[in-house]
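The values are calculated or read from the model by the stated rules, or taken from the named source; none is laboratory data. The model shown is predicted, which means the values in this text are computed figures rather than measured ones. Positions of Cβ are generated from backbone atoms using ideal geometry, with glycine treated the same way; all protein chains shown enter the neighbour counts. Protein only, heavy atoms only, side chains kept; ligands, DNA and RNA dropped before computing areas. Shrake-Rupley method; radii C 1.70, N 1.55, O 1.52, S 1.80 Å.
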Amino acid sequence: MTATEAKSANTMWGGRFAEGPDAIMTAINASIGFDKRLYAQDIAGSRAHAAMLAATGILTDKDAEVIREGLLTVLSEIESGQFQFQTALEDIHLNVESRLTQIVGDAGKRLHTARSRNDQVAVDFRLWVRDQCDAAISGLTALMGAFVAQAEAGADWVMPGFTHLQTAQPVTWGHHMLAYVEMLARDRGRFIDARARMNECPLGAAALAGTSFPIDRHMTASALGFDRPTANSLDSVSDRDFALEFLGAASICAMHLSRFAEELVIWSSAQFRFVRLSDRWTTGSSIMPQKKNPDAAELLRAKLGRILGANVALFTVMKGLALTYSKDMQEDKEQVFDAADTLMLALAAMTGMVSDMNANREVLAQAAGSGFSTATDLADWLVRALGLPFREAHHVTGTLVAIAEKQGCDLPDLTLAQMQSVHAGITQDVFGVLGVQNSVNSRTSYGGTAPVRVREQIARWKAALA
């Protein structure tokens with residue numbers, strides 16, 4: 001640290017310290033390397049604070065106007081790349097205030113009246129996370145629209161439904177796509193709920209106990225788009241629930257994206273060939289010219305682990321902190337910044353992949369009939385047509401599956417005589433339920449895979465997303 005930097009730092013801190021901090025202490029203590037991302041929120045908070053100070057008579061109107069213009073100059077300098085951030089000034093708050101004072105003089109020194117860096121960082125960070133909730137909500141809406149478009153294109157296309165990654169029952173492509181719409185809708189709802197909960201303004205809590213100045217916290221809350229001011233000054237400066245809740249919602253969303261990324265990796269393989277991914281989201285091999293690798297999907301699977309890690313990291317920072325502010329809480333931002341960046345990149349990439357994805361309808365249909373996928377339909381028919389208890393119907397069906405497997409054929413390929421050798425009551429009508437298309441058409445319960453139900457859900461989601 002130079003003598004000039006040390007003097008600058010001491011000017012901001014006041015007269016308590018005679019010497020500047022050790023260089024290593026400066027490196028540990030400074031956060032400007034990452035919290036400069038909060039510059040827009042910091043300046044917005046300071047403008048709202050200055051306007052309130054003037055409205056309550058704590059600042060003169062002249063000083064408030066000079067501060068307002070000075071802050072706009074600082075904002076312009078930062079956005080144009082002219083601003084010189086100083087590590088000696090530690091964080092975005094002191095960097096902005098120092099430059100403001102250079103521009104407007106003593107009026108800049110009055111800006112910090114009736115506030116602390118504790119409530120200042122709390123409002124800045126909350127504003128930033130609120131913006132990220134809005135971005136996530138928008139990104140999720142776009143991705144949901146891409147899945148709905150896929151569902152509409154293949155509302156009646158048959159494909160295998162899986163449990164344990166083994167063929168279970170036939171479903172429709174549209175139904176499978178809409179499953180992710182439901183997941184993403186819950187994700188979007190979590191961000192909406194989190195945003196509503198965090199929309200309280202901590203500015204005015206000061207260091208921890210409030211202030212003796214006659215401030216108007218409702219005015220600053222309204223100016224910054226909050227619903228109300230926070231109700232307890234101790235909680236106001238020590239709360240990071242809003243960041244944890246954002247990371248929690250992001251983590252669940254990341255898990256959902258990773259699940260579909262895994263399906264894309266499987267489906268695009270030569271063994272499945274369920275989908276073709278466009279060249280925009282795949283790469284080749286440096287040695288094998290035939291390869292078309294689903295790298296974007298694979299990278300999403302990996303990158304989304306960073307979001308889960310950020311969630312754990314911030315919980316670890318906060319878990320043992322007594323009220324109110326501790327310097328540990330400076331470690332709250334980098335994880336959230338990285339998680340938010342990763343989530344938005346993932347949402348954009350997934351939206352692109354889903355939009356460009358082409359389903360191989362013929363391969364899907366062929367696979368839908370494999371693995372005795374209509375065995376449950378046979379068991380259900382035995383219950384409905386012959387009145388068998390389900391457990392007995394299950395046993396009869398299992399026996400018929402064993403016969404078909406031994407003969408290397410599927411259930412519809414068995415003769416009526418073969419079926420009657422297991423249960424004499426079976427009639428020709430059984431073949432009406434064994435076809436894959438018959439199977440999906442019969443699943444008409446609410447939320448089922450029948451095309452008629454799928455189209456109802458598509459209409460519902462198109463209206464909701466519009």
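Between G108, G189, which is surrounded by fewer than 17 Cβ atoms within 10 Å (Cβ to Cβ), farther than 20 Å from L224 by Cβ and at pLDDT 95 or above? When all the criteria are applied, what remains is G189. Which count do you get for residues in segment 117-136 that are under 18 Å from I307 (Cα atoms) and either acidic (D, E) or without any contact (Cβ under 8 Å) to a residue 24 or more places away in the chain (or both)? Number of matching residues: 2. Residues that are open to solvent by less than 50 Å² (accessible area, probe 1.4 Å) and not hydrophobic (A, V, I, L, M, F, W, C) were ranked within segment 316-337; the one that is nearest to A249 (Cα to Cα) is Q335. Quick one: in segment 137-156, which of the residues that are crowded, with 23+ Cβ neighbours inside 10 Å and in contact with a Lys or Arg (Cβ under 8 Å, 6 or more places away or on another chain) is farthest from L347 (Cα to Cα)? The selected residue is V148. Hey, could you check segment 30-55 for residues that are within 16 Å of L94 (Cβ to Cβ) and either without any contact (Cβ under 8 Å) to a residue 24 or more places away in the chain or among the hydroxyl-bearing types (S, T, Y) (or both) and say which is most open to solvent (accessible area, probe 1.4 Å)? Looking at residues that are within 16 Å of L94 (Cβ to Cβ) and either without any contact (Cβ under 8 Å) to a residue 24 or more places away in the chain or among the hydroxyl-bearing types (S, T, Y) (or both), I get Y39.
The set of residues from segment 157-177 being closer than 13 Å to Q457 by Cα and open to solvent by 30 Å² or more (accessible area, probe 1.4 Å) comprises H175, H176. Look at (1) in contact with a Gly (Cβ under 9 Å, 6 or more places away or on another chain); (2) of a type in the set (A, V, I, L, M, F, W, C); (3) open to solvent by 10 Å² or more (accessible area, probe 1.4 Å) and you find that I67 fails only one, number (3). Where helices (runs of 4 or more DSSP H) fall entirely within segment 285-382, those with at least 3 residues that are more than 30 Å from L247 (Cα to Cα) are at 361-368. The single condition among (1) farther than 22 Å from A368 by Cβ; (2) over 46 Å from the mean Cα position of the chain (by Cα) that I403 does not meet is (1). Taken together, T87, T101, T60 contain a single residue that is in contact (Cβ under 8 Å) with a residue 12 or more places away in the chain, polar (S, T, N, Q) and open to solvent by 20 Å² or more (accessible area, probe 1.4 Å), which is T87. Is at least one residue of segment 389-408 open to solvent by 70 Å² or more (accessible area, probe 1.4 Å), of a type in the set (F, W, Y) and either free of Cβ contacts under 8 Å to residues at least 60 places away in the same chain or over 30 Å from E152 (Cβ atoms) (or both)? Among the residues of segment 389-408, at least one is open to solvent by 70 Å² or more (accessible area, probe 1.4 Å), of a type in the set (F, W, Y) and either free of Cβ contacts under 8 Å to residues at least 60 places away in the same chain or over 30 Å from E152 (Cβ atoms) (or both), which makes the answer yes.
In this entry, A346 passes the filter for residues that are modelled with pLDDT of 95 or more and either open to solvent by less than 10 Å² (accessible area, probe 1.4 Å) or within 24 Å of Y180 (Cβ to Cβ) (or both).
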